[in-house]
Amino acid sequence: MPILLLRPILRRLLAAAAAAAPAEACGVLLGPGGAAPARILAFAPLTNRAAATGAFALDPREFLAVEAAGRRQGLAVLGTFHSHPHAGPLPSALDLEMAWPGHLLLIAGRTRARRWRLAAWRAAAGGTSAQRFTISTSSTSKTRIELGGIEPLPLAP
Ligand SMILES: [Zn+2]
C-alpha cells in the first residue's frame, strides 16, 4: 500500500531534515483521516524537545495547536516525521516503542553518501516491528488542497 505525498511536502521534509542536522528534525503529518491509501497533504515542523541528540520529542503544546488547526480544515494527524542525520531511514527500537499504533512513521535518513532518503513505516502493535510502505509523490492539482492554514502557524524553527 503506497503513501501519497505531495512533492512540495517532500521538499519541505527534506529541507527540515537538512536544517536541523546534526540534530533530528521532527513534525506532524496531516491528511484526510480514513483515506486509503493515506494521503499526506500537510506537514507542520515542530520543535524537537529531546534532551539528547540522536532522539526526538514533539513539543506537546505545538502538537495540540497543529492538531486543532488541522481539524478546522478537515485534516487529521496521520503520523509523525523525524530525521536520522547519521543513519538510514529505518526505525530505531526507540522509534518503534514510541510510535503511536496505526500512525505513520516517516523517517528521513542520511546515507554515507550524505544523501537523504525517505521511508514510510507503520508500527505494529507491541512496538517491536514495523511494516514498510512505498511512497508515491504527486504534483497534480487533484490532491492539492490549501495548506495556508497549517503553514503560517508560528511553529517553524
Ligand atoms: Zn528515529
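Picking from Ile107, Pro2, Gln131, whose Cα lies most toward the positive end of the charge dipole for the range 2-138 (charges on Cβ: Lys, Arg +1; Asp, Glu -1)? Comparing the listed Cα positions along the dipole, Pro2 ranks first. Calculated on the Cα set of the chain, radius of gyration then Dmax: 14.4, 41 Å. When the Cα positions of Phe56, Leu14, Leu30 are compared along the charge dipole of the range 14-80, Leu30 comes out farthest toward the positive end, with charges on each C-beta of Lys, Arg, Asp and Glu.
Among His82, His103, the order by Cβ neighbours within 10 angstrom, fewest to most, reads His103, His82. In order along the range 97-112, phi translates into HN-Hα couplings of 5, 8, 5, 7, x, x, 8, 7, 10, 9, 10, 9, x, 10, 7, 4 Hz, rounded to whole numbers, per the Karplus curve 6.51 cos²θ - 1.76 cosθ + 1.60 with θ = phi - 60° and x for Gly and Pro. Taking each pair of different alpha-carbon atoms in the range 1-64 once, compute 1/r for the pair, average those values, and report the inverse of that mean as the Kirkwood hydrodynamic radius in Å to one decimal. It works out to 12.7 Å.
Any read-out appearing in this document is the output of simple, stated calculations on the displayed coordinates, not a laboratory observation. It should be emphasised that the depicted structure is a prediction, and the values quoted were computed from it without experimental measurement. Note: ideal-geometry Cβ built from the backbone for every residue, glycine included; neighbour counts use all protein chains shown.
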